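K.L.:
Can you read through this structure? Questions will come right after.
The values are calculated or read from the model by the stated rules, or taken from the named source; none is laboratory data. Keep in mind the model is a prediction, meaning the values are calculated, not measured. Every residue, glycine as well, gets a Cβ built from its backbone with ideal geometry; the counts of neighbours run over all protein chains shown. Each accessible area value is taken on the protein alone, full model and side chains, heavy atoms only, with ligands, DNA and RNA left out. Shrake-Rupley method; radii C 1.70, N 1.55, O 1.52, S 1.80 Å.
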Amino acid sequence: MPASAAPAHYARVKQHLLDGMARGDWPAGARLPSESELVAQFGLSRMTVNRALRELAADGRITRVAGVGSFVAEKKPQSTLLHIASIGNEVRARGHAYDFDLLTAQASPAPLAAAEALEVAPGTRLAHVLGVHRDNGTPVQLEERWVNPRLAPRFLAQDWRRTTPSDYLVQHVPYDEIEHLVDAVLPTAEQARLLEMPSRAPCLLLTRRTFSALQPVTWVRCWHPADRFQLGSRFARHGH
């Protein structure tokens, strides 16, 4: 390989750590070799090794704790956009503990945005739910949901310790169309407090409407700390 094509020294350290993680030498949560150990192993400067670790942290592959060390990052939970996924089932499938903290469940006058989304007059009384979904105790989703009670009359009568708003609606209120929108946003101070995250850190905001016989049933907004959660889909093209 020509000298001009040789990888930078920090890139060699970075690739060494990535290869070890891929082989399972350092599984999620494992402590990586220290800067001093990597300096001695590669015969490089501390600045060079530090750059490799900084880039891995920026890529979300490791977490660094001052005075403690560097650790392999847990893979972010991912929720699909192709259908209405159960966040509780997704968390449990990873072997983690799932909890739902219910903050609000009541009939409330529809604000303008909810009224427009559900195609009712502003002030119409709608079912309103606000809650936080947790993965191993860490908030991964703040959910605010408005539901047309005419189409889901028993929605507010549920025991939310046994089910979630989304799971109940999927199981009991048929839908034939879903609308999804995803935006990158900054949380309000109150949203950041509920999600236990810095107010200047970004969120992924998933906005969803579901329809039954062309009538909007529910309008929900879900905020996810971007460093803890992913939204994505995989699908096959018809005919291939």
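K.L.:
Out of the residues in the range 159-200 that are in a loop (DSSP other than H, G, I, E, B) and polar (S, T, N, Q), which is least open to solvent (accessible area, probe 1.4 Å)?
P.N.:
Checked the range 159-200; the qualifying residue least open to solvent (accessible area, probe 1.4 Å) is Thr164.
K.L.:
Out of the residues in the range 68-93 that are under 30 Å from His16 (Cβ atoms) and modelled with pLDDT under 80, which is most open to solvent (accessible area, probe 1.4 Å)?
P.N.:
Here the residue is Lys75.
K.L.:
Which one is modelled with the lowest pLDDT among residues in the range 1-34 that are closer than 22 Å to Gly67 by Cβ and in contact with a Leu (Cβ under 7 Å, 6 or more places away or on another chain)?
P.N.:
The residue in question is Trp26.
K.L.:
Any idea how many residues of the range 207-240 are of a type in the set (A, V, I, L, M) and modelled with pLDDT of 90 or more?
P.N.:
Of the residues in that region, 2 qualify.
K.L.:
Those residues that are surrounded by 14 or more Cβ atoms within 10 Å (Cβ to Cβ), of a type in the set (Gly, Ala, Ser) and free of Cβ contacts under 8 Å to residues at least 24 places away in the same chain, I need them from the range 15-56; list them, please.
P.N.:
Gly20
K.L.:
Does Leu156 satisfy the condition of being open to solvent by 20 Å² or more (accessible area, probe 1.4 Å), farther than 18 Å from Arg228 by Cβ and touching a residue at least 40 places away in the same chain (Cβ under 8 Å)?
P.N.:
yes
K.L.:
Looking at the range 103-120 only, could you name the residues that are open to solvent by 60 Å² or more (accessible area, probe 1.4 Å) and out of contact with any Pro (no Cβ under 9 Å at 6 or more places or on another chain)?
P.N.:
Once the filter is applied, which keeps residues that are open to solvent by 60 Å² or more (accessible area, probe 1.4 Å) and out of contact with any Pro (no Cβ under 9 Å at 6 or more places or on another chain), the range 103-120 yields Leu103, Gln106.
K.L.:
Based on this model, can you work out whether Asn136 counts as touching a residue at least 60 places away in the same chain (Cβ under 8 Å) and touching a strand residue (DSSP E or B) at 6+ places or on another chain (Cβ under 9 Å)?
P.N.:
no
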